[in-house]
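Okay, so here's the structure we're looking at.
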Amino acid sequence: MNLIKPAKRQVADQFETERLVIRRYQTTDIEALYAAARESIEEVSRFLPWCHPDYSIAESKQWVTLVIKNWGVSNLFSFVIEEKSSRRFIGSVGINAVDLHPMVNLGYWLRSSETGKGYAIEAAQGIIDWTFAELQSQRIEIILSVENNPSKKVAEKTGARHEGILASRLLLHGRLHDAHLFALTRDSRLDDHST
Ligand SMILES: CC(C)(COP(=O)(O)OP(=O)(O)OC[C@H]1O[C@@H](n2cnc3c(N)ncnc32)[C@H](O)[C@@H]1OP(=O)(O)O)[C@@H](O)C(=O)NCCC(=O)NCCS
């Protein structure tokens, strides 16, 4: 079997979990993304420097335009996380590095008013299922600073295996951080589901 196949480009652009709708970005999300990012600068900026104190609506527009334009043609799939009953924009989950290897990288963030409710783990589980169903990926990696305890809890709860600590793997605000490497493989996921 040739494992290094290109990603399947016709992929489901929306799926649901128990409490969430996880869907492709639309241009109407620009303002909601901006509001969510602005309220979350303190928590999100530390580990995701794109969410900085001067974050502007122009940057939201630039990001949403980029992910819409590149959907299915680049190596990034970024999704909006919406709370099902209110349809509120509560954060984002996505995978990147599609096609570079038979693996992808998983990332997530929540707006600060929606943390502590289990939405990140629910969205992460959802996109792991989506990835193995929609793409040829054999492996999903989650890489996070050793200082990012909330993200570590999310990674652990996905069932990902802790494979080690990567020295000086992330550069955040001009400082190198060691990083946890967590990974799920298609085979281990199938084994988990069959037991
Ligand atoms: C990382 C991040 C998404 C985690 O958010 P979070 O809300 O802590 O994670 P979850 O949504 O999985 O929620 C887990 C918490 O909700 C609680 N919870 C409440 N109801 C729950 C439910 N129904 N199901 C599961 N957990 C629930 C859990 O007890 C847990 O709280 P605890 O940490 O005090 O034990 C968030 O901190 C964030 O956006 N950080 C900044 C960006 C970032 O670092 N991203 C990752 C880069 S690698």
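None of the figures in this text is laboratory data; all of them are computed from the coordinates on show. Keep in mind the model is a prediction, meaning the values are calculated, not measured. Using ideal geometry, Cβ is built from the backbone for each residue, glycine included, and neighbour counts are taken over all protein chains shown.
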> For Asp191 and Asp99 in the same chain, what is the full-extension length gain: residue separation times 0.36 nm, less their Cα-Cα distance, in nm?
Replying inline: 30.7 nm
> Which whole-percent values make up P(r) of region 17-68 when all C-alpha to C-alpha distances are grouped in 5 Å steps starting at zero?
Replying inline: 4, 21, 25, 22, 19, 8, 1
> Rounded to two decimals, what ratio of Rg to Rh does the chain give with C-alpha atoms and a Kirkwood Rh?
Replying inline: 0.94
> What does the helix-only formula give at 222 nm for the chain: each DSSP H stretch with n ≥ 4 adding -39500 (n - 2.57), the total divided by the residues, and the result rounded to the nearest 500 deg cm²/dmol?
Replying inline: -9500 deg cm²/dmol
>> With both bridge residues required to lie in the chain, what share of the DSSP beta bridges run antiparallel, to the nearest 5%?
In response: 90
> How high is the FRET efficiency between Leu66 and Leu176 when r is their beta carbon distance and R₀ equals 30 Å, given to the nearest 0.05?
Replying inline: 0.65
>> Give me the base-10 log of I(q)/I(0) for region 1-95 at each q in 0.10, 0.12, 0.19, 0.24 Å⁻¹, Debye formula, one uniform scatterer per Cα, rounded to two decimals.
In response: -0.30, -0.43, -0.96, -1.31
